[in-house]
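Encoded as structure tokens, the structure appears first; notes follow it.
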Amino acid sequence: MRSATTACLLLATLIGAGAVASETTVYMWVDENGVPQYTDRPPDDADVHPTRIQSRRTDPEAVQARVQQDRDLRQARAERRQQDEEAAAEEAARRNETLQQRQVNCEQARKKLETYENSRRLYRPLPNGEREYLTDEELDQARAQARAQVREWCD
């Protein structure tokens, strides 16, 4: 079991990191403790057997390029996450500002409705400073508009 694990680790190490065109045969030999060893350069004094496992030498430039690519990808993800967080914070600020403005508008609409409901007579100021009082129909219409504004801003 240990020799199979060792072979898999060696294979992953030799092949998984990147390869160039020249292939190297993996050799198996048993050390003085009876433990199988795998290597691409067997010792001269051991009974060495070539295996069916083929490996390739690691291309350091390809490994470095892959490491740099992984670094760039992590950095891009971190930047994207930061941009998303900033966008979410801006959106929350806009929602909060909108909510505050709605509250202000609601308060004004309620005050206006209260004034219209409790006043017997309402007027419009004229350009010359005089007042033009609303008729009963105009007053009913102004109160209906004030109720609509309360529904719009407060509901």
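The values are calculated or read from the model by the stated rules, or taken from the named source; none is laboratory data. Keep in mind the model is a prediction, meaning the values are calculated, not measured. As a convention, Cβ positions derive from the backbone with ideal geometry for all residues, glycine included, and neighbour counts pool all protein chains shown.
A few comments on the model shown:
- Conditions (1) touching a residue at least 12 places away in the same chain (Cβ under 8 Å); (2) in a loop (DSSP other than H, G, I, E, B); (3) not charged (D, E, K, R); number of the one not met by L113: (2)
- Pairs, first more than 21 Å from R57 (Cα to Cα) and surrounded by 10 or more Cβ atoms within 10 Å (Cβ to Cβ) in the range 31-44, second modelled with pLDDT under 90 and β-branched (V, I, T), C-beta under 7 Å, six or more apart: P36/T6; P36/V30
- Being at pLDDT 95 or above and either surrounded by fewer than 13 Cβ atoms within 10 Å (Cβ to Cβ) or outside any loop (DSSP other than H, G, I, E, B) (or both) is a property that R120 lacks.
- Scanning the range 98-136 for residues that are out of contact with any strand residue (DSSP E or B) (no Cβ under 6 Å at 6 or more places or on another chain) and basic (K, R) gives R102, R110, K111, K112, R120.
Quick grid of which residues meet (1) under 30 Å from the mean Cα position of the chain (by Cα); (2) within 30 Å of V150 (Cα to Cα); (3) aliphatic (A, V, I, L, M); (4) not in a loop (DSSP other than H, G, I, E, B):
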| position | (1), (2), (3), (4) |
| --- | --- |
| D70 | yes, no, no, yes |
| Q75 | yes, no, no, yes |
| A78 | yes, no, yes, yes |
| Q82 | yes, no, no, yes |
| Q101 | yes, yes, no, yes |
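- Hey, A92 free of Cβ contacts under 8 Å to residues at least 40 places away in the same chain, outside the structural domain of T25 (by TED's automatic domain parsing), of a type outside the set (K, R) and surrounded by fewer than 11 Cβ atoms within 10 Å (Cβ to Cβ) or not: yes
- Given (1) surrounded by 10 or more Cβ atoms within 10 Å (Cβ to Cβ); (2) at pLDDT below 90, index of the condition A65 fails: (2)
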